[in-house]
């Protein structure tokens, strides 16, 4: 494997681990039962409740599916190197 592919593999692996960690954190929290988002900007925190009529009932499941798809795509790219 040449240096460019090696560096790309390291970059992809880092992103895969980042997304997997994010997925694990989401699965362990109770956001799937409802809740809100906390926005952080310049160390200021704002708790914002989500409106179900805007984001829909399947928001969390759709987000998790998109996250799974992203992980699979990155893993496929990694395996092709």
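Just so it is clear, none of the values below were taken in a lab; they were calculated from the coordinates. Small disclaimer: the values here were computed from a predicted structure and weren't measured.
The table below gives the values:
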{"read-out": "In degrees, nearest ten, helix 3-28 long axis to first principal axis of the chain (Cα)", "value": "30 degrees"}
{"read-out": "log₁₀ of I(q)/I(0) at q = 0.18 Å⁻¹ - region 3-80, Debye sum with one point per alpha carbon", "value": "-0.86"}
{"read-out": "Cα-based helix-to-principal-axis angle, 59-80 vs the chain, degrees rounded to 10", "value": "10 degrees"}
